[in-house]
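*Asks:* Let me give you the structure first, and then I'll get to my questions.
The values are calculated or read from the model by the stated rules, or taken from the named source; none is laboratory data. A quick note: this is a predicted structure, and the numbers were derived from the prediction, not measured. Note that each Cβ is placed from the backbone with ideal geometry, even for glycine, and that neighbours are counted across all protein chains shown. To get the accessible areas, we keep the full protein, side chains included, count just its heavy atoms, and leave off ligands, DNA and RNA. Shrake-Rupley method; radii C 1.70, N 1.55, O 1.52, S 1.80 Å.
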Protein chains: 2
Amino acid sequence: MITIATAECFTHGKIGLELHALAQNYKGNFGSKYIKNLDEYGEFNYNDLSIICSLFIPTIDAVKDILKVENPPKPDYLIKGIKVYDETGDKKTSKVMAEAVMKLTNCDIAIGTTAGIGHGAITIITQNYQITTISDVYSDLRKVNSEELYQRQISGIKKTIKIILLILNNKINELNTIENIEIIEK
Amino acid sequence: MITIATAECFTHGKIGLELHALAQNYKGNFGSKYIKNLDEYGEFNYNDLSIICSLFIPTIDAVKDILKVENPPKPDYLIKGIKVYDETGDKKTSKVMAEAVMKLTNCDIAIGTTAGIGHGAITIITQNYQITTISDVYSDLRKVNSEELYQRQISGIKKTIKIILLILNNKINELNTIENIEIIEK
């Protein structure tokens with residue numbers, strides 16, 4: 001069994017939900033929403049996948065109180081407690097969030113996401129790799145452009161799901177074809 | 001500012017997301033999905049609402065490791081770590097989940113949801129009330145009927161949102177018009 005736990009901000013816990021639908025073989029309205037070509041990735045048996053939790057963590061207080069991070073990166077702005085960073089801060093914080101949820105749950109794969117001003121950032125941590133990337137859509141959380149925020153979210157979800165499916169199907173080499181990806185071998 | 005935190009199972013964190021969309025005034029694709037008649041509830045200013053976190057907690061391990069519940073009710077069944085209770089167990093566990101997320105975050109309103117075999121259960125805890133209800137749809141998580149599970153989820157989300165909107169707009173008396181609701185004044 002491979003276990004996954006997520007701590008998500010701009011992707012609203014939807015990465016975890018998408019993988020949960022796959023793991024539980026849910027269909028139709030309850031099924032996966034973003035994966036169209038699952039067979040093309042390989043023959044991984046998704047019955048061997050378990051989602052421990054999928055956490056929507058928008059506020060700095062939740063990073064401290066739920067993820068138990070004592071000193072998270074200081075946000076550049078706070079919107080009703082919601083942490084807002086630039087892209088550099090988002091990369092750092094998505095890593096902190098992934099590390100925290102991995103430490104709490106002892107999962108095999110941890111995912112952290114957050115997006116303030118910029119493309120947002122996603123960090124995926126496995127036993128062997130630490131992978132960080134950004135979405136393909138720029139937005140600024142302070143300006144509340146709902147459609148732009150939605151497009152940034154969709155881009156982040158799809159990109160992360162693609163990376164996870166490649167990892168599960170042992171296609172690590174193909175990760176290099178993804179734009180703006182940083183892969184650190186541990 | 002009124003703060004809300006959720007620990008959700010069968011509603012997949014979507015109650016928290018719906019309220020977050022309201023609190024942040026998100027529109028269109030990024031806006032609320034289940035509320036059609038917001039004005040009818042009253043004049044509460046949703047800018048005074050903040051969602052601290054919305055947690056999808058399907059597994060018993062996440063109840064222990066994320067919600068920090070040392071001895072949660074023992075599930076009747078486990079499906080890949082996912083806790084499955086009957087309706088009595090769900091009522092008990094949704095209360096445990098709500099209490100746990102309230103203790104962790106110190107929020108004003110906490111919501112816990114879980115559904116195994118039955119209509120599922122939802123507990124809402126405020127400063128003055130403990131409210132428990134069930135969805136209007138029966139299902140059995142072990143049988144993986146995706147459409148039935150989906151309908152149970154939608155019912156649970158809509159019913160909870162209705163209760164929260166009545167609470168925020170100080171229409172406590174109207175809660176009694178909701179079917180299968182148990183209200184305990186503290």
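*Asks:* Considering each residue of region B:143-186, count those that are farther than 19 Å from B:His119 by Cα, outside any helix (DSSP H, G or I) and in contact with a Ser or Thr (Cβ under 9 Å, 6 or more places away or on another chain), and give that number.
*Replies:* 2
*Asks:* Take B:Lys64 and tell me if it is at pLDDT 95 or above and assigned to a loop (DSSP other than H, G, I, E, B).
*Replies:* no
*Asks:* Just to be sure before I move on: is A:Ser54 touching a residue at least 24 places away in the same chain (Cβ under 8 Å), among the hydroxyl-bearing types (Ser, Thr, Tyr) and part of a strand (DSSP E or B) in the structure I sent?
*Replies:* For A:Ser54, the condition - touching a residue at least 24 places away in the same chain (Cβ under 8 Å), among the hydroxyl-bearing types (Ser, Thr, Tyr) and part of a strand (DSSP E or B) - is met.
*Asks:* How many residues does region A:53-77 hold that are aliphatic (A, V, I, L, M) and farther than 19 Å from B:Leu17 by Cα?
*Replies:* 1
*Asks:* So, one more: Checking A:Leu166 against (1) under 17 Å from A:Ile15 (Cα atoms); (2) buried (at least 21 other Cβ atoms within 10 Å of the Cβ); (3) of a type in the set (A, V, I, L, M, F, W, C), only one condition comes out false. Which one?
*Replies:* Condition (2) is where A:Leu166 drops out.
*Asks:* Got a number for residues in region B:106-138 being closer than 16 Å to B:Lys91 by Cβ and either touching a Pro at 6+ places or on another chain (Cβ under 7 Å) or open to solvent by less than 20 Å² (accessible area, probe 1.4 Å) (or both)?
*Replies:* Adding up the residues that qualify gives 19.
*Asks:* May I ask you to list pairs of residues, at least six apart or on different chains, whose Cβ atoms are under 6 Å apart, with the first in region A:141-152 being without any contact (Cβ under 8 Å) to a residue 12 or more places away in the chain and the second being among the polar types (S, T, N, Q)?
*Replies:* Close Cβ pairs (under 6 Å, with a partner that is among the polar types (S, T, N, Q)) amount to A:Glu148/A:Ser139; A:Tyr150/B:Asn29.
*Asks:* State the number of residues belonging to region B:75-95 that are in contact with a Gly (Cβ under 7 Å, 6 or more places away or on another chain) and among the hydrophobic types (A, V, I, L, M, F, W, C).
*Replies:* Of the residues in region B:75-95, 1 are in contact with a Gly (Cβ under 7 Å, 6 or more places away or on another chain) and among the hydrophobic types (A, V, I, L, M, F, W, C).
*Asks:* Return yes or no: is B:Glu43 in a loop (DSSP other than H, G, I, E, B) and more than 10 Å from chain A (Cβ to nearest Cβ)?
*Replies:* Spelling it out, B:Glu43 is indeed in a loop (DSSP other than H, G, I, E, B) and more than 10 Å from chain A (Cβ to nearest Cβ).
*Asks:* Here's another thing I want to ask about it. Looking only at region A:139-149, which residues are open to solvent by 20 Å² or more (accessible area, probe 1.4 Å) and not hydrophobic (A, V, I, L, M, F, W, C)?
*Replies:* Within region A:139-149, A:Arg142, A:Lys143, A:Asn145, A:Glu147, A:Glu148 qualify.
*Asks:* Please work out if A:Gly81 is within 14 Å of chain B (Cβ to nearest Cβ), among the small types (Gly, Ala, Ser), open to solvent by 10 Å² or more (accessible area, probe 1.4 Å) and in contact with a strand residue (DSSP E or B) (Cβ under 9 Å, 6 or more places away or on another chain).
*Replies:* yes
*Asks:* Shifting gears a bit: Taking only region A:5-36 into account, find how many residues are in a helix (DSSP H, G or I) and among the small types (Gly, Ala, Ser).
*Replies:* Residues flagged as in a helix (DSSP H, G or I) and among the small types (Gly, Ala, Ser) within region A:5-36 amount to 4.
*Asks:* List the pairs whose first member sits in region A:62-73 and is more than 16 Å from B:Val101 (Cα to Cα), whose second member is part of a helix (DSSP H, G or I), and whose Cβ atoms are under 6 Å apart, counting only residues at least 6 apart or on separate chains?
*Replies:* That search, which allows pairs on different chains as well, returns A:Val69/A:Val63; A:Val69/A:Val96; A:Val69/A:Ala100; A:Pro72/A:Val63; A:Pro72/A:Val96; A:Pro73/A:Gly89; A:Pro73/A:Lys92; A:Pro73/A:Thr93.
*Asks:* Residue pairs, Cβ under 9 Å, 6 or more apart or interchain, first in region B:15-27 and acidic (Asp, Glu), second in a loop (DSSP other than H, G, I, E, B). List them.
*Replies:* B:Glu18/B:Ser32; B:Glu18/B:Lys33; B:Glu18/B:Tyr34; B:Glu18/B:Ile35
*Asks:* Among the residues of region B:56-65, is any at the interface with chain A (Cβ under 10 Å from one of its Cβ atoms), within 25 Å of A:Lys143 (Cβ to Cβ) and of a type in the set (Gly, Ala, Ser)?
*Replies:* No: zero hits.
*Asks:* Could you run through region A:93-118 and say how many residues are at negative phi and in a strand (DSSP E or B)?
*Replies:* Summing the residues that are at negative phi and in a strand (DSSP E or B) in region A:93-118 gives 7.
*Asks:* Does B:Ile51 fit the bill of being facing chain A (nearest Cβ under 8 Å) and in contact with a His (Cβ under 7 Å, 6 or more places away or on another chain)?
*Replies:* yes
*Asks:* So, B:Lys103, is that one open to solvent by 30 Å² or more (accessible area, probe 1.4 Å), within 14 Å of chain A (Cβ to nearest Cβ) and either of a type in the set (S, T, N, Q) or more than 20 Å from A:Ala23 (Cα to Cα) (or both) or not?
*Replies:* The answer is yes for B:Lys103.
*Asks:* Let me ask something else about it. Would you pick out the residues in region A:3-60 that are among the polar types (S, T, N, Q), surrounded by 15 or more Cβ atoms within 10 Å (Cβ to Cβ) and touching an Asp or Glu at 6+ places or on another chain (Cβ under 8 Å)?
*Replies:* If the condition is that a residue be among the polar types (S, T, N, Q), surrounded by 15 or more Cβ atoms within 10 Å (Cβ to Cβ) and touching an Asp or Glu at 6+ places or on another chain (Cβ under 8 Å), then A:Thr3, A:Ser32, A:Ser54 are the ones that fit.
*Asks:* Further question on the same structure: Looking at (1) over 21 Å from A:Thr6 (Cβ atoms); (2) at pLDDT 95 or above; (3) of a type in the set (A, V, I, L, M, F, W, C), find the lone condition where B:Ala5 falls short.
*Replies:* (1)
*Asks:* Also: Of all residues in region B:150-163 being of a type outside the set (D, E, K, R) and open to solvent by 10 Å² or more (accessible area, probe 1.4 Å), which is farthest from the other protein chains (Cβ to nearest Cβ)?
*Replies:* Only one residue tops the list, namely B:Ser155.
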